[in-house]
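Taking it in order: structure first as structure tokens, then the write-up.
The values are calculated or read from the model by the stated rules, or taken from the named source; none is laboratory data. Everything numeric in this text was worked out from a predicted model, so none of it was measured. Don't worry about glycine lacking a Cβ; one is built from the backbone with ideal geometry, like all the others, and counts go over all protein chains shown. Note: accessible area is taken over every heavy atom of the protein model, side chains too, but ligands, DNA and RNA are not part of it. Shrake-Rupley method; radii C 1.70, N 1.55, O 1.52, S 1.80 Å.
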Amino acid sequence: MRHGDVGGAGRLASNKMRKYGFIFSFLVIPVVLYAIFVISPYAQAFYISLTNWRGISANPQFVGLENFTRLLSDDVFWAAVRHHALLLIAMPLITIAIALFFSFLLNLGGGSKGGRMSGVAGSKFYRVVYFFPQVLAVAVVGVLFQAIYRPDATGVLNGLLGIFHIGEVGWLIDTNLALWSIMGVVIWQSVGFYVVLFSAGMSAIPSDVFEAAALDGAGRFRLFFSITLPLIWDTIQVGWVYLGIAAFDCFALVQVLSVDRGGPDNATTVLPLEIWRTAFTFSKFGYASAMGVALFFLTITFAALSLRVTRRERIEL
């Protein structure tokens, strides 16, 4: 091998070392921080779930799968799982349907004006109105709806019903209505974010597509279902996963709005609330960690299944 070839190979190897060293220097700190603040807590939670730790002893007793066996016969745990199942079905469907409707109106509902598709009159103002609940703290939203759902005539909703001589409704104290009432608050607060998300997806679609369809006589119904919906399917998929993960939470609103933290009669309890109550009220950290591990796998399973079931071929423009 000639000397020039050896020198070129050496320079190439040196350039590769510098390149990978540069990449490694930027990745090592985020990876270490992720391992410390994400992976390590997960690992600790998995270990604690196999013990009977009560938050005091430095050496908790290892009990294996005993905590998970107890979960199988825990009625409150299964009530929370059923509530999450209902939230997983109803909350994403309703939220996405409302957000898609509003997004379509704000971006394409005004029809063709000057050769371009536009939203309804005042669409910029409505964007602010729809997004406003998203900027409110969850605790503020909870306190606001406590006044709205008050079970007597001083409540906003019951006051309106009284105008039409309709009897007072126990929105948060009726076991059949309590969870739906809290779900309505979650949807009310969430819709604004998904209006913005879907509006961004619609604005990324070339206007020529809509204009050509409008010239061919396509109405708003056809524009929405045949063009808009398929072209923003990836965005809807992301929104569905986000909402599904949110359905496994709802801790703050249930904590603030529900009667006796998950009542009445466990009608609104959810797993994050039961984890908090089991750990910090009853000091059963091992059992609470077992609930947390179950919640972790439920969330991961939902996300994986959702991405799998809703996957379809990307439409290229």
| message | Spelling out what I want: for every residue of region 257-267, take phi, set θ = phi - 60°, compute 6.51 cos²θ - 1.76 cosθ + 1.60 (Karplus), and round to whole Hz; glycine and proline get x. | response | 8, 6, 7, 6, 6, x, x, x, 6, 6, 6
| query | Which of the DSSP-defined H helices in the chain satisfy a minimum axial length of 27 Å, computed from C-alpha atoms, and a minimum mean Kyte-Doolittle hydropathy of -0.5? | reply | 3-34, 75-108, 178-203, 285-309
| query | Highest GNM mean-square fluctuation, the chain, Cα pairs closer than 10 Å: which of 187, 205, 166? | reply | 166
| note | If one builds a Gaussian network model of the chain from Cα atoms under 10 Å apart, the most fluctuating residue listed among 43, 247, 303 is 43
| request: Let me have the relative contact order for region 40-192, percent, based on Cα pairs under 8 Å that are six or more residues apart. | output: 16
| message | If I histogram all Cα-Cα distances within region 255-301 using bins 10 Å wide from 0, what percent of pairs lands in each bin? | response | 29, 46, 25, 0
| Farthest toward positive dipole pole in the chain [+1 Lys/Arg, -1 Asp/Glu at C-beta], among 232, 135, 96 | 232
| note | Per residue, the convex hull enclosing the Cα atoms of region 41-165 spans a volume in Å³ of 246
| field | GNM result for the chain, Cα springs below 10 Å: residue of 195, 259, 209 fluctuating most strongly | value | 209
| task | Counting only C-alpha contacts under 8 Å and six or more residues apart, can you give the relative contact order of the chain as a whole percent? | result | 25
| Helix-derived [θ] at 222 nm for the chain: sum -39500 (n - 2.57) over DSSP H runs of at least 4, divide by residue count, nearest 500? | -21500 deg cm²/dmol
| What accessible area, in Å² to the nearest ten, does a 1.4 Å probe give for residue 242? | 110
| remark: Across the alpha-carbon set of the chain, Rg over Rh with Rh taken as the Kirkwood radius works out to 1.11
| Can you give the Rg and Dmax of region 224-317 based on its C-alpha atoms, in angstrom? | 17.9, 57
| In debye to the nearest 20, how big a dipole does the chain give about its Cα centre with +1 on each Lys and Arg Cβ and -1 on each Asp and Glu Cβ? | 1220
| message | Please list, ordered by chain and number, the residues whose modelled amide H lies under 5 Å from the amide H of residue 263; skip anything fewer than 5 residues away on the same chain. | response | 268
